[in-house]
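The values are calculated or read from the model by the stated rules, or taken from the named source; none is laboratory data. These numbers come from a predicted model, not from an experiment. For neighbour counting, all protein chains shown are included, and Cβ atoms are generated from backbone atoms with ideal geometry for every residue, glycine included. When the accessible area is computed, the model is the full protein with side chains, heavy atoms only, and any ligands, DNA or RNA have been set aside. Shrake-Rupley method; radii C 1.70, N 1.55, O 1.52, S 1.80 Å.
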Amino acid sequence: MSPPEEPRSTQFLVLRKTPYNDRTVIIGGLSPELGILTLKMPAPSLHPVKARPFFDLFQILQVDFLPHGEWGKCRKFIPLQDFQGIALRRPCFEAACFLARLTMENIFPQMPMPAFYQALVVGLQRLAQDPLPPEAILTGAGLTLLNESGLLSSVTLSQRETAQCQILLQMAAGAPPPTISSPVWTDLWQWTKIKLLQAGFQWEPHRPQG
């Protein structure tokens, strides 16, 4: 018999939330050092005596959990940061939902992605309160995913493309964005999307055939 796994603690960006029963929800999201996590959590409650903390999509939690098969069991969580402003503008909310699907469909458990995690956090902050077009956020996050996966190589890019990508990767990590018009951001996002598709990334949930 294998020994029981030790409790773990990590930051966790909530990207998917599914009701399980009256007292439990299943949440999926990204940890910078543990990759995708799926956790059973106590459902938020407004009970006047034993109220449970509230959490929602696009929120960062500090979670203590016990690994247990496909779904870990959350023992404790503390809300750290949320990005409520995203819901105020539909294009920003749609961009955040795209990033959630991109993450959940392509990152795996035990796949550390600290740079992509940082790009998601920075991107959600900007979607919540920044005047940047959503295409700028999508471009930065998409390029970061390609780069951290080893799929953004200077061998396959021109010198100009390589220099542009470095500026956009720095932006995704938190540096000030370059001054670019909205139509150019749209073109950059389309170019990035093509690169993601060519590399085999998906952003729609897989559905059984038949």
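Any residue at all in segment 99-110 that is among the polar types (S, T, N, Q) and either without any contact (Cβ under 8 Å) to a residue 60 or more places away in the chain or under 15 Å from ALA128 (Cβ atoms) (or both)? No; the residues of segment 99-110 include none that is among the polar types (S, T, N, Q) and either without any contact (Cβ under 8 Å) to a residue 60 or more places away in the chain or under 15 Å from ALA128 (Cβ atoms) (or both). Being open to solvent by 60 Å² or more (accessible area, probe 1.4 Å) and of a type in the set (A, V, I, L, M) is a property that ALA100 lacks. Each residue in segment 114-160 was checked for being over 20 Å from GLN190 (Cβ atoms) and assigned to a helix (DSSP H, G or I), and 14 pass.
Report yes if LEU34 is at pLDDT 90 or above, surrounded by 14 or more Cβ atoms within 10 Å (Cβ to Cβ) and closer than 16 Å to SER9 by Cα, otherwise no. Yes.
Anything in segment 69-85 that is part of a strand (DSSP E or B) and either open to solvent by less than 90 Å² (accessible area, probe 1.4 Å) or within 15 Å of LEU30 (Cα to Cα) (or both)? List them, or say none. GLY72, CYS74, PHE77, ILE78, PRO79, LEU80, GLN81, ASP82, listed by residue number. Cβ separations smaller than 8 Å between residues 6+ apart or across chains give the following pairs from segment 146-175 residues that are within 22 Å of MET111 (Cβ to Cβ) to residues that are of a type in the set (Lys, Arg) and at pLDDT 90 or above: LEU146/LYS195; LEU151/LYS195; LEU152/LYS195.
Output the residues belonging to segment 127-140 that are touching a residue at least 40 places away in the same chain (Cβ under 8 Å) and either surrounded by 24 or more Cβ atoms within 10 Å (Cβ to Cβ) or closer than 16 Å to PRO183 by Cβ (or both).
Going residue by residue through segment 127-140, those that are touching a residue at least 40 places away in the same chain (Cβ under 8 Å) are 127-129, 132-139.
Within segment 127-140, LEU127, LEU132, PRO133, PRO134, GLU135, ALA136, ILE137, LEU138, THR139 meet the criteria.
The condition of being surrounded by 15 or more Cβ atoms within 10 Å (Cβ to Cβ), within 22 Å of SER9 (Cβ to Cβ) and aliphatic (A, V, I, L, M) holds for ILE107. Of the residues making up segment 167-194, just one is within 19 Å of MET113 (Cβ to Cβ) and open to solvent by 70 Å² or more (accessible area, probe 1.4 Å), namely GLN170. Among the residues here, ARG16 qualifies as at pLDDT 80 or above, open to solvent by 40 Å² or more (accessible area, probe 1.4 Å), under 18 Å from PRO109 (Cβ atoms) and assigned to a strand (DSSP E or B).
Taken residue by residue, segment 155-165 has no member that is open to solvent by 50 Å² or more (accessible area, probe 1.4 Å) and within 17 Å of PHE116 (Cα to Cα).
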